[in-house]
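To keep things clear, I will list the structure first and then write my remarks on it.
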Amino acid sequence: MQRMLFGLILALSAAFVGDGARGEPRHAIAMHGDAALPADFTHLPYANPDAPKGGTANYAWIGTFDSVNPFIVQGSGARGSLDLVFGNNVFETLMMRSADEPFTLYPLLAKTIETDDERSFAEFTLDERATFSDGEPVKPEDVVFTFELLAEKGYPRYAVTASKIASVETVGERGVRFTFKRPDRELPLILGLFPVLPKHAIDRETFDKSTLKPMIGSGPYRLEAVKPGDALTFRRNPDYWAKDIPSKTGFDNYDTITLTYFRDENAMFEAFKKGLVDVFLEENSGRWTSQYDFPAVSRGDIVRDTIRTRLPSGMLGIVLNTRRPVFADPRLRAALVGLFDFEWANRTLFAGAYTRTRSFFDNSDLSSAGQPARASERALLAPFPGAVAPDIMANGWAPPKSDGSGLDRAFMRVGFDRLKDAGYALKDGRLIAPDGRPVAFEIMLKSNENQQVAVAYQQTLAKLGIVVSIRSVDSAQFIARQKDYDFDAMFFNYTASLSPGVEQLGRWGSAARDKPGTFNYAGVADPAVDAMIEALINARTREEFTSAVRAYDRVLLSGAYVVPLYFKPEQWIARWSRIERPQTVPLQGAQLPTWWHARN
């Protein structure tokens, strides 16, 4: 009944939108401007077309899993099948995103995309060579089936996309046309990144249930073995349909990929030292600077790469869940944001390796840090007086700085004065809110991740009478509570790109606040946030886009939903020398699917 209703809604919507809009089929599409590569490109510039095939890559990840379906809310989904880090090994999307451009797609399952100047529709023509791993061809009916299935039973972000579509229909033997309810600049690219699943091999009724049974996809690898909660083994499909197309030349070079899960980061590092893990994605500055003195490094068997990226910093921070009464007051949140003693933490815990995060898009021209709001930003924000703090409007957010001693009374005074001005007071060593309740909250940690930072923050706040408890839970419990927003505060890393877009709706949009499984962990419901997301999604030029993102940045920073921590403008990656990588590093940093096993 639900499927019939969904189809009826699409058909009725299409009648109001109309059809007949045409464009020109193209090999690529960019969010702003034109694609960098011509139609006759031979390979992506960061891939080595001569990379040898063969060997095994042993990867590792922290956590566990109880499902191999990466598209649904239920369960803790395993990585590696459809993955920004390890690659889209099992499942593929209609088009492939280039890591060397802000937001540009090139051919994959679809060989061309057609749209108009207004971007009121998108029509994809499938590559006639495309097949699933069982040999069945990828058909337009599979695209329509997947679109409807994920809208009904997948993560909420798929339903958000589906809500913008008036109709979806097959066109000829290999075409699929999506007609939009209204023009949308980003929507053709979002649809280009939609996965395609085999209609003939999916049980629609049970799709939203966790499973450990390997699923069929069209990607370069098959999921060959599953060790529940511990490891996955992917084996390269010798009959992979796209192994010779330009978008995939130089990719998918290993015969086998093993992804092992570890409950503890130290255990994972010990496995790497012993050669059980080939590549270690390092995030610990102390370990990077002082713990790579073991024999394999001295012999040159392990290579340490510092790879400079040109990406925005994103926002690693402590998320304050505004669904909890303690964080309902934005003045308290603003004071808490300013009370993280970065200078002490960076000197004492991280050997000075990090930079303080001042923006959700720091390290890029999308950042508002140190930038007075332009006239175009002020025009966007004019309907929302008070949405941006005056100092942030004038010059971006500038966090208070300490002397790094951990005993800086002037630094503490700044935070206390903000609390006092908001009506908070110290009584018998406790900070009391205007309603008479003591200020106290819990920080939830996944295992022991970020424990040192949490304790440092706890100790700082204790000096002002704020009671912070710290609770460590295992990965499965952490994910379950995260999905249900069952926490006061937690660490989270909001990654960023040079083309933020519709994904922001699921992170900060009002519609995502009360849906389980979204990334709106802070519980934000703010018309100004919604309007800025709309503006950045619909921007036509890079200048319009930059203004919209900066205005958006200012609104989020003014809301004080996250305690900004720190970032590093490079990747730290250690690898055994048997694993090699291309010399060319793309805009977005290292791309593991382009690496290979060296020939002996």
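Per-structure values
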| read-out | value |
| --- | --- |
| Of the criteria (1) under 30 Å from Phe545 (Cβ atoms); (2) charged (D, E, K, R); (3) in contact (Cβ under 8 Å) with a residue 40 or more places away in the chain, which one Asp391 fails | (3) |
| Residue, nearest to the chain's Cα centre (by Cα), within the stretch 179-230, restricted to residues that are buried (at least 19 other Cβ atoms within 10 Å of the Cβ) and in a strand (DSSP E or B) | Pro195 |
| Scope the stretch 31-85; condition more than 24 Å from the chain's Cα centre (by Cα), closer than 24 Å to Leu281 by Cβ, surrounded by fewer than 17 Cβ atoms within 10 Å (Cβ to Cβ) and not basic (Lys, Arg); matching residues | Pro52, Gly54, Thr56 |
| Any hit, the stretch 374-395, residues being modelled with pLDDT of 95 or more, touching a Pro at 6+ places or on another chain (Cβ under 8 Å) and more than 17 Å from Leu556 (Cα to Cα) | no |
| Test for Val85: is it of a type in the set (A, V, I, L, M), under 30 Å from Arg310 (Cβ atoms) and modelled with pLDDT under 95 | yes |
| Among (1) part of a loop (DSSP other than H, G, I, E, B); (2) closer than 19 Å to Val279 by Cβ - the single one Phe269 does not satisfy | (1) |
| Boolean, Lys248 is among the basic types (Lys, Arg) and surrounded by fewer than 20 Cβ atoms within 10 Å (Cβ to Cβ) | no |
| Selection from the stretch 381-398 of residues that are on the phi < 0 side of the Ramachandran plot, exposed (fewer than 11 other Cβ atoms within 10 Å of the Cβ) and among the small types (Gly, Ala, Ser) | Ala382 |
| Search result, residues across the stretch 146-167 that are more than 30 Å from Asp484 (Cβ to Cβ) and surrounded by fewer than 22 Cβ atoms within 10 Å (Cβ to Cβ) | Ser167 |
| Flag for Val279 being crowded, with 16+ Cβ neighbours inside 10 Å and touching a residue at least 12 places away in the same chain (Cβ under 8 Å) | yes |
| Elements of type helices (runs of 4 or more DSSP H) contained in the stretch 493-600, each with 2 or more residues being over 17 Å from the mean Cα position of the chain (by Cα) and crowded, with 19+ Cβ neighbours inside 10 Å | 527-538, 542-559 |
| Any hit, the stretch 348-359, residues being closer than 30 Å to Pro516 by Cβ and under 26 Å from the mean Cα position of the chain (by Cα) | yes |
| Selection from the stretch 282-323 of residues that are among the basic types (Lys, Arg), surrounded by 13 or more Cβ atoms within 10 Å (Cβ to Cβ) and touching a strand residue (DSSP E or B) at 6+ places or on another chain (Cβ under 7 Å) | Arg304 |
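The values are calculated or read from the model by the stated rules, or taken from the named source; none is laboratory data. Quick caveat, the model's predicted, so the values are computed rather than measured. Cβ: placed from backbone, ideal geometry, glycine included. Neighbour counts: every protein chain shown.
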